[in-house]
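Chemist: Sending over a structure as structure tokens; questions will come in a sec.
The values are calculated or read from the model by the stated rules, or taken from the named source; none is laboratory data. Everything quoted here is computed from the prediction, not taken from an experiment. Backbone-built Cβ (ideal geometry, glycine too); neighbour counts: all protein chains shown. When the accessible area is computed, the model is the full protein with side chains, heavy atoms only, and any ligands, DNA or RNA have been set aside. Shrake-Rupley method; radii C 1.70, N 1.55, O 1.52, S 1.80 Å.
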Amino acid sequence: MSLPGSPLRFVRSRRARVLVFLSVVGPGIITANVDNDATGVTGYALAGSQFGYDLLWVLIVTALCLGPIQEMVARMGTITGKGLSDLIRERFGVAPTVWVMGLLFLANAATTVAEFAGVAGAAQLLFPFAGGVARYVAIPIVAFIVWFLVLRGSFRGVERLMLILTTVFLGYIVSAALAHPDWGSVLRHTVVPTFHARPAFILIFITVVGTTITPWMAFFQQSNVSDKGLGPGDLRYERIDTYAGIVMLNLVAFFIIVATGATVFAHHVHVDPADPAAFDKIALALEPFAGGYATALFAIGLLNASLMGASILPLSTTYAITEAFGFERGIDKSFREAPAFLTIYTTMIVLGAGIAMFPGAPLALITNLPNIINGSLLPLLLPLLLILVNDRRIMGRYANGPLANVLGGVVLVVLSVVTVLFLASFVAPRLFGG
Amino acid sequence: MIFLSDFLNAEVVDLKQHRIGRVRDLIVLMSDPFPRVTGVVLKGNRRLRAIDWTVVRSWDNKELSLKLDESALQPHTRADSELWLSRQVLDKQIVDMDGRRVVRVNDLQLSQVEGTMLLVGVDIGGRGLMRRIGLEGMGRRASAALGLDWPQKLISWEAVDPVKSDVSSVKLRIAHTKLARLHPADIADIVHELGPEDRSAVFAALDDEKAADTLEEIDEPQMQASILERLDVDRASDILEAMAPDEAADLLADMPQERARQLLGKMEEDEAEDVEELLAYRQDTAGGLMTTAYVGVLHKLTAAQAIDRLRELEPDAESIFYCYVIDEEEHLLGVLSLRDLIVAKPETQIRDFMITKVVSVPLDAGPREVAEVISKYNLLAVPVVDQHNRIQGIVTVDDVMERVMPARVAGRRRRLF
């Protein structure tokens with residue numbers, strides 16, 4: 001018999017080691033890494049290619065907006081143990097839930113199309129000799145692999161691998177350094193906002209905001225947190241994890257912009273998102289680091305990012321929707337057991353792959369479009385989020401304090417302004433000289 | 001059919017035909033078998049108030065007419081076990097006892113019986129969802145046009161167990177007693193779908209044995225640990241005692257050491273010692289896989305005495321099949337099957353008919369090795385011995401299979417995130 005204080009030998013700790021690993025790579029870091037998907041990488045690269053360092057300051061803004069949002073959902077997941085769509089349904093009832101889920105489906109379906117377009121882009125870079133045929137082979141194969149892996153294979157291992165492969169983009173850090181950018185100028189543009197009242201600039205501005213701050217991230221991180229079974233005691237750790245993820249995410253974005261800015265933009269290579277060859281030009285940014293392998297390296301990174309997005313997005317969307325409406329869910333169920341789950345999931349993949357295969361689809365543009373949808377959906381989601389996190393019946397003493405509410409309010413205002421700006425440039429382009 | 005959604009947002013009109021507000025909620029009093037509607041919550045003049053159901057004269061979809069003038073209305077008299085249907089039940093998760101799963105409440109079915117309004121069923125189907133957004137009629141016409149049947153998916157309130165969500169202020173009469181009647185594996189499936197608060201509420205309602213069995217069925221260590229961490233120490237240690245020592249050890253190994261020590265300290269001495277011994281072995285060895293709950297009988301006994309000893313020990317189902325014959329120092333001498341014991345003449349010495357060639361594995365054997373031995377000799381369990389051939393425990397077939405089989409075969413429940 002041991003007294004409570006006596007030294008116990010807790011030798012059986014094979015699992016404990018795994019836990020240490022997982023506690024370093026928590027839900028926040030995972031979510032942030034998944035955010036570096038095809039749309040993210042393309043968005044940042046286009047920003048740097050078209051406008052050099054002019055958009056660097058936006059990253060500071062997005063990080064400051066993303067922080068409070070992700071912190072709130074992480075807190076909600078930790079305290080309630082429920083997913084975000086669970087809470088929306090329970091607090092607001094059916095009608096608002098139908099709207100939110102419909103919009104989420106739309107935004108995420110568009111993003112899935114973009115991920116498959118990323119696959120096509122990567123295929124064309126890797127097999128230039130195949131010409132335009134590459135995508136018609138690559139997309140169906142990848143779609144099937146993704147569908148099969150998630151439903152019938154072991155997804156967890158693959159997910160890890162993909163997360164590790166996102167480190168390919170660290171190549172941009174090296175590339176940025178080797179391209180000898182004017183660091184003074186980089187620094188200045190990071191802290192001093194630059195703004196051009198031109199449609200192309202506003203478009204890319206919204207792209208960068210929209211690809212970094214997305215509604216699905218909120219859903220994804222909260223279900224990750226609640227599935228992990230974290231409790232109030234883990235709140236501090238979960239906050240650190242969340243902010244660490246955001247810093248990582250924005251660092252990668254920062255260096256992609258610097259690298260493309262110091263190469264593609266500096267050499268006056270004109271990149272048009274609607275141009276089928278846009279990817280080839282963007283890939284040039286990795287040349288200082290990878291030399292002749294720049295294209296291949298970019299292609300592999302893009303392929304991995306696309307694969308990750310194409311498998312995780314449809315799945316997390318399907319989880320959110322089935323959760324909200326109480327449909328039977330689970331990836332190990334047969335069609336008869338969980339018809340809604342499998343239908344929604346399969347539809348998203350088929351739709352995504354199908355649209356991306358449409359002949360003559362401008363790949364870089366498609367990869368860019370969902371950023372715009374995501375950017376405008378957020379101002380609609382954020383108020384709901386703020387109501388939930390302020391509800392003491394749900395959050396108890398962990399409800400938002402005044403500071404968190406002020407931050408949340410500022411974020412809401414900033415995102416609304418961005419959206420209105422976008423809508424204005426869309427409806428009345430002349431206002432911006434377009 | 002009458003549904004809660006028919007009432008929600010209906011205009012409330014008093015005797016003088018004045019509009020005094022809209023229905024926000026119905027209040028029911030918990031009673032067996034069906035709760036009775038006793039109050040209406042309405043909002044008018046930016047004020048929320050509850051009135052008694054007895055003042056309602058008539059109602060249809062758009063309007064609820066009262067028997068009294070607004071000025072004569074009395075506030076609803078509150079009772080102990082009341083539920084606010086919209087706030088506390090609608091859109092929440094409930095346990096469907098017949099389907100043995102967690103579902104979401106899309107709508108609530110009411111029924112008028114002898115002048116009272118009763119809550120009789122829960123709508124968990126697509127029709128309920130469509131009704132809530134006012135599209136049920138359209139859906140019905142569409143399915144009729146296509147010649148399809150569009151059935152209601154209703155479950156009786158009797159077959160429902162409301163999970164404690166935010167009903168903390170209400171003492172539910174049908175607590176979680178219904179749940180306790182299910183098989184532990186089914187309870188585990190249900191618990192899996194709930195949030196942490198609700199999980200602990202379910203566990204609080206189970207007795208120690210059932211809680212222990214259910215906890216063993218949840219094969220996710222982190223979830224097991226988090227459930228136990230939310231219970232108070234005394235209760236948690238009681239449940240641990242009721243668990244198989246190897247399962248208890250696995251669970252404690254996944255908890256913060258501080259908390260694990262505290263729990264061990266509160267456990268009965270015998271059980272704590274068993275668990276502690278197991279904690280000292282690495283999890284991926286025979287020592288870590290084994291349980292100390294095996295049946296050991298002394299070699300000097302007769303068959304009848306050995307059977308008496310079995311009765312005293314009351315071994316679990318998984319360990320009763322083999323009786324290991326040992327000497328005073330616990331050296332493993334032989335093995336008997338339950339069948340051998342029963343068919344032998346009562347006065348025979350067990351060492352005369354025991355099987356002396358016992359297959360065993362060392363403490364540091366890997367799971368694969370143990371599995372191979374078990375499958376080669378077709379065993380239900382294999383004894384684990386130290387270097388002096390002293391028996392330390394047994395590894396049962398299901399414990400080792402869980403470890404070596406690919407996750408998708410062994411674990412029924414998989415989740416992604």
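Chemist: Note every residue of segment B:267-297 with a reduction of at least 30 square angstrom in accessible area, all protein chains present versus the isolated chain, computed with a 1.4 Å probe, or write none.
Modeler: The answer is B:Glu269, B:Glu276, B:Leu279, B:Ala280, B:Arg282, B:Gln283 - residues whose exposure falls by at least 30 Å² when every protein chain is included.
Chemist: For chain B, modelled as a Gaussian network with Cα springs under 10 Å, which listed residue fluctuates most, B:Gln257, B:Gln109, B:Gln93?
Modeler: B:Gln257
Chemist: Name the shape class, rounded, prolate or oblate, that the alpha-carbon gyration tensor gives for segment A:146-216, where a ≥ b ≥ c are the square roots of its eigenvalues, rounded holds for a/c under 1.5, and otherwise prolate holds if a/b is larger than b/c and oblate otherwise.
Modeler: Cα axes put segment A:146-216 in the oblate bin.
Chemist: Can you tell me, using C-alpha contacts under 8 Å and at least 6 residues apart, the relative contact order of chain B as a whole percent?
Modeler: Reported relative contact order: 9 percent.
Chemist: With everything on Cα atoms, drop me the angle between helix B:303-313 and the longest principal axis of chain B, reported from 0 to 90° to the nearest 10.
Modeler: The answer is roughly 40 degrees.
Chemist: How many partner chain Cβ atoms sit within 10 Å of a residue's Cβ in peptide B:192-203, on average, as a whole number?
Modeler: The mean count of partner-chain Cβ atoms within 10 Å per residue comes to 3.
Chemist: Say R0 is 51 Å: what FRET efficiency, to the nearest 0.05, do B:Glu258 and B:Ser58 get from their beta-carbon distance?
Modeler: 0.20
Chemist: Additional query: If you line up the long axis of helix A:215-227 against the longest principal axis of chain A, both from Cα atoms, how many degrees apart are they, to the nearest 10?
Modeler: Roughly 30 degrees between the two axes.
Chemist: Now a separate question. Please say if the protein assembly as shown is rounded, prolate or oblate, where rounded means a/c under 1.5 for a ≥ b ≥ c the square roots of the C-alpha gyration tensor eigenvalues, and otherwise the choice is prolate for a/b larger than b/c and oblate otherwise?
Modeler: Oblate shape, in that a/c is at least 1.5 and b/c is the bigger or equal ratio.
Chemist: What is the percent carbon and sulfur in the accessible area of segment B:2-84, measuring with a 1.4 Å probe over the protein chains and ignoring ligands?
Modeler: 45 percent
Chemist: Treating the angle as unsigned and between 0 and 90°, give the value, to the nearest 10°, between the Cα long axis of helix B:257-266 and the longest Cα principal axis of chain B.
Modeler: Around 80 degrees separate the two axes.
Chemist: Under 20 Å from a label point 7 Å along Cα→Cβ of B:Leu148: give me every residue in segment A:105-125 with its amide N that close.
Modeler: none
Chemist: How would A:Leu307, B:Leu263, A:Leu423 rank on accessible area, largest to smallest, probe 1.4 Å?
Modeler: Descending order: A:Leu423, A:Leu307, B:Leu263.
Chemist: In Å², nearest 100, what accessible area do chains A and B bury in total when the solvent probe is 1.4 Å?
Modeler: Between A and B, the summed buried area is about 4800 Å².
Chemist: Only protein chains counted, 1.4 angstrom probe. Which residues of segment A:64-110 are at least 40 Å² less accessible in the assembly than when their chain is isolated?
Modeler: By number: A:Lys82, A:Arg89, A:Glu90, A:Val94.
Chemist: For segment B:189-240, report the accessible area per residue in Å² (1.4 Å probe, heavy atoms, rounded to an integer).
Modeler: Heavy-atom accessible area per residue stands at 32 Å².
Chemist: Something else now. Given a 10 angstrom Cα cut-off, can you work out which residue in A:Val113, A:Val137, A:Val186 is the most mobile in a GNM of chain A?
Modeler: Result: A:Val137 has the largest fluctuation of those listed.
Chemist: Just check chain A against the gyration tensor rule for me: Cα atoms, a ≥ b ≥ c as the square roots of the eigenvalues, rounded for a/c under 1.5, and otherwise prolate or oblate depending on whether a/b exceeds b/c.
Modeler: rounded
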